[in-house]
Amino acid sequence: MPKSCLVLFSGGLDSILACKVLQDQGVRVTALKFITPFFSYDLRHKERADAYREQVREKYGIHLEIVDITDEYLKMVTAPEHGYGRYLNPCIDCKILMVKKAMSLMDKYGASFIATGEVLGQRPMSQRRDTLRIIERDSGAEGILLRPLSACHLKETRPEKEGIVHRQALADITGRSRKEQMRLAKKYGIKDYPAPAGGCVLADPILSERFKKIFQKWPDFTPLDCVVAQVGRHFLLPGGSWLVVGRNKSENERLARLKGDADMVLRAMDRPGPYCLLRKAGDAEDKRLAAAICARYAKAGQMPVPVRLGAERGPGAEVYEVDSLPSQDTLAAMMF
Ligand code: SF4
């Protein structure tokens, strides 16, 4: 068995410590950072990925690889076999998928086992003893999935049995207290690390409701839909269109970058206002209503408000003269 492993790396302290504890035993560690539209998706840009890899290497001495699992994830997220957590977070299936993906990469990286930063009893659903076993069983990683931070409380794994790692030198952390993690962080000189569990938008109460609606309404939703859903105000119009309205300059700029080929842009023509995207555009009524909503969020001024829909400049745009604005109740009824 080669003295080499793959570690699921969220970037939080537990995953950093899992890497450090194994490196301490002379194991060659390759950390895998998974990305999907729901977490760490900005790392699909090469420059950001390179910068992040460099940062992890410099700060923690950990070699990192970034793995995009979007396709598999979108198939899983609408119907996870083990259900959801508090919101739309399918934590058990998410981990099963990541472990499975890591297993498929073992040959490529010459790894003989997989490790995670999971801690027995730290989270109510996904880190219970029975859940840890389900993750092992359903990913097919039984015997080769090591949790170095709780190893002393769990069944011995193959790398321990074969002496690749020494069980007695692994940690025995359980529960929600972070005391032992703090002690280990100090031991390894780790001072600067992100807060636990940050960054997964499926565990966000508002966004998870929005995703739920998108999954139901557009079963063939795309990664772009999932990213756009995280920016701005959202309206579901009566004809089935999806209108997104930027709330500030940075959201306006972000929406402009996210505009898909089939999306239409709406902007008030004679006054400052939000960047609006009309997606999955339905009928003419929806377009008129979208223009009125766009006008509603534009800076107040004389009526009517001319709103351009379609081409951002030059010919090809439709212009709507909006002379009455939708009420707050009308907006609230369509907001999602
Ligand atoms: S919080 Fe999100 S990323 Fe973390 S295990 Fe759950 S679903 Fe996966």
List, largest first, the extents of the alpha carbons of segment 4-187 along their principal axes, each in whole Å. 40, 37, 33
For segment 231-334: relative contact order, % (alpha-carbon pairs under 8 angstrom, 6 or more apart): 25 percent
Charge sum, other residues only, whose C-beta stays under 14 Å from Gly117's C-beta, Lys/Arg counted +1 and Asp/Glu -1: +3
Once Rh for the chain is found with the Kirkwood sum over Cα pairs, what is the Stokes-Einstein diffusion coefficient at 10 °C and 1.306 mPa s, in µm²/s? 71 µm²/s
At a 10 Å Cβ-Cβ cut-off, how would you order Cys5, Cys91, Cys200, fewest neighbours first? Cys200, Cys91, Cys5
Cleavage-rule hits (trypsin sites (Lys or Arg not before Pro)) in segment 4-98: DSSP loop, at most 14 neighbouring Cβ within 10 angstrom: Arg86
List Leu170, Leu105 from most exposed to least, where exposure is judged by having the fewest other Cβ atoms within 10 Å. Leu105, Leu170
Apply the Karplus parameterisation 6.51 cos²θ - 1.76 cosθ + 1.60, with θ equal to phi minus 60°, to every residue of segment 272-282 and state each ³J(HN,Hα) to the nearest whole Hz, in sequence, with x for glycine and proline. x, x, x, 7, 10, 10, 9, 10, 6, 4, x
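Every number in this text was worked out from the coordinates using simple rules, so none of it is lab data. Keep in mind it's a predicted model, so treat the numbers as computed, not measured. With ideal geometry, Cβ positions are generated from the backbone for all residues, glycine too; neighbour counts draw on all protein chains shown.
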